[in-house]
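These notes concern the structure reproduced below.
Computed from the coordinates by the stated procedures, all read-outs in this text should not be read as laboratory data. Everything numeric in this text was worked out from a predicted model, so none of it was measured. Quick reminder, even Gly has a Cβ in these numbers, built from the backbone with ideal geometry, and neighbours come from all protein chains shown.
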Amino acid sequence: MSMIQQPDQTPIPLPRARVTVKDVAAKAGVSTAAVSQALNGRGALSAETRQRILDTASELGYSPDRYAAALRRGRTLSIGYVASPPLDPVREAAQAQYAMRQLSALVDAAAAHQFTVTVIPSARPELLRSARVDAVYAPDARESDPLLAIAAAQSIPVITNDLPLPPDAGMWIRTGYEDAATAALDLLAAGGATNIGLLTGEPGLPRLEIGESVYAQWCASRGQAPIVARVDAASLELAGSIRELLLHGVDGLFSFAPEGPRLFLDLTALDVVLPRDLQLVALCLHDCALNRRLSVTHVCVHPEQAPELLFPELVAALESASTPTSPVILPWELVGGSTTRSAPTSVRRGTAPQAFAAQANVP
């Protein structure tokens with residue numbers, strides 16, 4: 001015999017209505033203006049009245065609506081993020097991974113300041129006109145980007161990576177790619193390398209273009225002809241790119257695209273002895289622990305730290321309607337290993353590249 005189970009008749013509790021300033025005023029026996037003065041530390045209320053209002057607000061569980069207050073000041077407590085599409089299918093996975101780390105860092109930093117994040121596709125810059133944001137972070141923006149003109153017309157501050165802006169346009173971030181690349185090349189030269197090659201990816205990404213530009217200028221200043229080999233995003237032709245550089249007689253290699261661990265293994269497979277046959281410095285974005293384990297000399301940059309470092313300055317500027325200070329300088333460090341003949345005497349963080357002393361690193 002089957003039993004028919006009756007549905008649970010327990011009533012579902014309704015959500016409590018939000019406590020308002022009017023509720024606090026009624027309970028404390030004062031005006032809403034007095035409540036506002038007490039909560040904001042203003043006005044000429046007596047100490048007793050002010051404390052009674054604060055105690056009443058605490059008793060009722062009142063919390064101010066920051067978003068309503070922000071709207072009254074013409075603020076939205078939201079920051080825009082301009083997302084760039086993948087350049088091609090081969091680079092889609094790597095670019096998506098990089099962008100996700102950047103966006104995740106922005107979301108975390110925004111939440112810490114009670115901001116939300118609004119994503120705007122780079123292919124649709126006109127959406128910025130209707131987006132309710134206090135500022136917009138466009139990490140891959142270029143000087144010709146139409147979004148910059150739209151933001152200026154809407155009086156929306158823009159935040160860019162490695163693209164200096166006029167003071168009244170927003171703020172820009174110095175990611176450290178330029179300084180780190182210069183330090184890496186100087187370290188190779190300090191170890192005796194005289195024919196230094198660059199291993200990089202296909203053009204299109206601003207950070208890769210920064211690396212190649214720094215390398216070209218560095219070579220010109222030393223009278224060396226640039227030797228550049230490119231590798232696809234999946235590094236399927238990495239061994240061929242390495243052979244191409246070796247055929248040009250390079251004795252030093254700065255890798256701005258493939259990271260150290262993969263490059264170290266491929267060079268070992270080609271019977272290249274580091275640093276006897278070739279000195280190596282690799283750019284590092286996320287394989288720092290493995291680079292250290294393999295003792296690969298590497299230079300670390302931290303673009304994912306941009307949101308955390310920019311937000312205090314941005315919020316202060318928005319609150320005071322002032323011009324934010326630029327640039328925000330991100331940390332970077334050059335970490336010595338056994339793949340170079342010289343090692344930096346100290347780790348550098350967020351400083352402009354200078355000639356530095358090197359010490360012998362016995363192979």
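Listed values, structure above:
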quantity	calculated
Charged-residue dipole, Cβ positions (Lys, Arg, Asp, Glu), the range 163-246 about Cα centre, Debye nearest 20	200 debye
Leu285-Thr116 pseudo-label distance in nm [points 7 Å out on the Cα-to-Cβ vector]	3.0 nm
Order of Cys284, Cys300 under a 10 Å beta carbon neighbour criterion, fewest first	Cys300, Cys284
Nitroxide proxy distance, nm - points 7 Å out along Cα→Cβ at Ser104 and Ala225	4.5 nm
For the range 21-64, alpha-carbon Rg relative to the globular expectation (2.2 N^0.38 Å, N residues)	0.96
Order of Thr325, Thr175 - criterion: other Cβ atoms within 10 Å of each residue's Cβ, fewest first	Thr325, Thr175
Extension gain from Ala33 to Asp55, taking 0.36 nm per residue of separation minus the Cα-Cα distance	6.3 nm
Cβ-Cβ FRET estimate between Glu237 and Ala152, R0 fixed at 56 Å, reported to 0.05	0.85
Nearest-0.05 FRET efficiency for Ser322 and Arg18, computed from C-beta distance (R0 30 Å)	0.35
Proxy reagent accessibility, fewest Cβ within 10 Å first, across Leu278, Leu294	Leu294, Leu278
